[in-house]
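*Asks:* I am attaching a structure below and will ask some questions about it afterwards.
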Amino acid sequence: MNIKLVARNLGFILLIEAGCMVPSLLIALFHHEGDAPALALAILITAAVGLPLRLFARPQITNLRAREGFVIVGLAWVLMSVFGALPFVFSGFIPNFVDAYFEAVSGFTTTGSTVVTDFERMPMGIAFWRSFTHWIGGMGVLVLMLALLPKLGGRTSYLVKAESPGPSLSKVAPRMTDSAKILYVIYTILSLLMFVVLLLCGLNPFDAAIHTFGTAGTGGFSNYGQSISAFHSPAVEIVISFFMLLFGTNLALYYALFNGRWRDFFKSEELRWYLSINAVAVLLIALMILPEYQWDVGTSLRMALFNVATVSSTTGFANADYTLWPVAARAVLLVLMFCGSCTGSTAGGIKTMRIALMMKQSKREITRTYSPRRINVVRFEGRGVDEQMLHQISIFVFLYVLMMLIGGLLISLEGLYDLETNFTAALTCISNVGPGFGAVGPAGNFAAYGPFAKIVMTMLMLAGRLELFPILVIFHRGVWRRA
């Protein structure tokens, strides 16, 4: 393990994080709500730790290997959340560090689970930083680092592979650094477009920015306790529903679209699976909740669309308490929590590509039982899928479910809530969805859980955002041995 190389890159990441806090400081200085000193102190401490690591960690070998790549990614997200929690603690808005760390992890991993109960007391600078963590974490800070630092030695694909969601890497250019820049440009353009549309819908600039960050990063933090329903605007709900589905799509497909390759966009098999799953879910839930909305078809469709979009994109905004809906409707949402959205998007979950390949692989195994000599290759996006990838996907799904079950069991040790609440809390954390069912549904929060349960949930959130392995790798002693 090249410790100095790891430390040098972690230092640069902390400097990026300190720079990302500056807009929140400027907002705090403008509104004079008393949170400016907390943000300024957090910036100074983060930079004071990051700068020496960047300047004085001088590795003799600068080539990045797989082990350094995965360790950098795993430790970067842990450290970012530690320093990202400082503004909450120093401002006194979330004085308990475990709670503040939970909120920061939930922000950076774009989960959206919260311990905040008094939204009206939240200063605007803190509210901006809390939601801006979604936008930073949506694309990933390591991808941002590559866009800003193109001369990193070695195979930079290790960094992006460890941080990017999905089993396959979304490269839109031969060089990974160029791909990082292009994807960030697309991400920024879509974010600005949504910001403008929300302004046209009547939101003020601050609210538009907060909810753009939450949608673009598929995170779901709002500065209102009632979330999106606080606006009482069907137009805002429809716009946010549309953009949640957009950001749940592989961003690399938009590059093909912008370059006039419409055929590549519409030929995407994963996109067709993603849209089909969501369309079926919307229709099913709309039919199930018709009695809840006095048989109003328009309202039922709008509520179904919003909640399917917010769950499948793992955003976590709320315009209704879906825990009060019929059991069958909640079961559909539970399935969507597992599925998530597309690879290469800002969303969480198992991902549509993996779900599709698991279904195709299952169909192949059923065929083999009655026709064992038949050669049946699993195909996706018009190409045969490598058997090693199918094996890796099977292992990933197994570990995903196993970690969710173990997490739910550990959370249940506190004896605070029922099984539905505890196990959906574990599921919503590892899938980066936000709200679950029961006491942690859209009308609830995670504040009542104790420190142990919150630490377990932060680990689940980090594991889910980083696709399990970068977090598991840093606990493997073999990784830390000198080569």
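Every number here is computed from the coordinates shown, using simple stated rules; none is lab data. A quick note: this is a predicted structure, and the numbers were derived from the prediction, not measured. No Cβ is skipped: glycine too gets one built from the backbone with ideal geometry, and neighbour counts run over all protein chains shown.
*Asks:* Give me Ile189, Ile350 ranked fewest to most by other Cβ atoms within 10 Å of their Cβ, as a rough exposure proxy.
*Replies:* Ile189, Ile350
*Asks:* Taking the Cα atoms of the range 14-130, report the difference between the largest and smallest coordinate on each principal axis, in whole Å and largest first.
*Replies:* So the extents along the principal axes, rounded to whole Å, are 51, 27, 20.
*Asks:* Please compare each pair in Lys181/Lys360; Lys4/Lys454; Lys267/Lys363 to a cut-off of 27 Å on the Cα-Cα distance and tell me which ones are over it.
*Replies:* Long pairs (Cα-Cα over 27 Å): Lys181/Lys360; Lys4/Lys454.
*Asks:* Find how many whole Å separate the alpha carbon centroid of the range 205-260 from the alpha carbon centroid of the range 339-380.
*Replies:* The distance from the Cα centre of the range 339-380 to that of the range 205-260 comes to 29 Å.
*Asks:* Another question, if that's okay. Fewest first, what order do Cys339, Cys20, Cys201 take by the number of other Cβ atoms within 10 Å?
*Replies:* With the sparsest Cβ surroundings first, the list reads Cys201, Cys20, Cys339.
*Asks:* Next up: Go through the range 2-12 residue by residue and turn each phi into a ³J(HN,Hα) via Karplus (6.51, -1.76, 1.60, θ = phi - 60°); whole Hz please, and just put x for glycine and proline.
*Replies:* 8, 4, 5, 5, 4, 4, 4, 6, 5, x, 5
*Asks:* Order these by the 10 Å Cβ neighbour count, fewest first: Lys363, Lys454.
*Replies:* Starting with the residue having the fewest Cβ neighbours, the order is Lys363, Lys454.
*Asks:* Taking DSSP loops as anything outside H, G, I, E and B, show the longest stretch in the chain free of chymotrypsin sites (Phe, Trp or Tyr not before Pro) there with at most 12 other beta carbons within 10 Å.
*Replies:* Longest gap between qualifying sites, sites excluded: 1-294.
*Asks:* Moving on. Over the chain, what portion of Cα pair distances is larger than 28 Å, expressed as a whole percent?
*Replies:* Beyond 28 Å sits 51 percent of the P(r) for the chain.
*Asks:* Dipole size in debye (nearest 20) for the range 252-409 around its Cα centre, Lys and Arg Cβ +1, Asp and Glu Cβ -1?
*Replies:* Around 720 debye, computed over the range 252-409.
*Asks:* Along the Cα→Cβ direction, 7 angstrom out, place labels at Leu402 and Ala48. What is the inter-label distance in nm?
*Replies:* The two pseudo-label positions are separated by 4.3 nm.
*Asks:* Separate question: Non-local amide H neighbours of Phe380 (under 5 Å, H modeled in plane, Pro and chain starts lacking H): which ones?
*Replies:* Residues meeting the amide H criterion: Val385.
*Asks:* Another question, if that's okay. Can you compute 3J(HN,Hα) from phi for each residue in the range 425-433, using the Karplus curve 6.51 cos²θ - 1.76 cosθ + 1.60 with θ = phi - 60°, rounded to whole Hz and x for Gly and Pro?
*Replies:* After applying 6.51 cos²θ - 1.76 cosθ + 1.60, I find 5, 5, 5, 5, 6, 6, 8, 6, 8 Hz.
*Asks:* At 222 nm, what helix-only mean residue ellipticity would the chain give, in deg cm²/dmol to the nearest 500, using -39500 (n - 2.57) for each DSSP H run of four or more?
*Replies:* Estimated from H runs of four or more residues: -21000 deg cm²/dmol.
*Asks:* Under the 0.36 nm per residue contour assumption, what length would be gained going from the current alpha-carbon distance of Leu193 and Ile238 to full extension?
*Replies:* Between Leu193 and Ile238, full extension yields 14.7 nm more.
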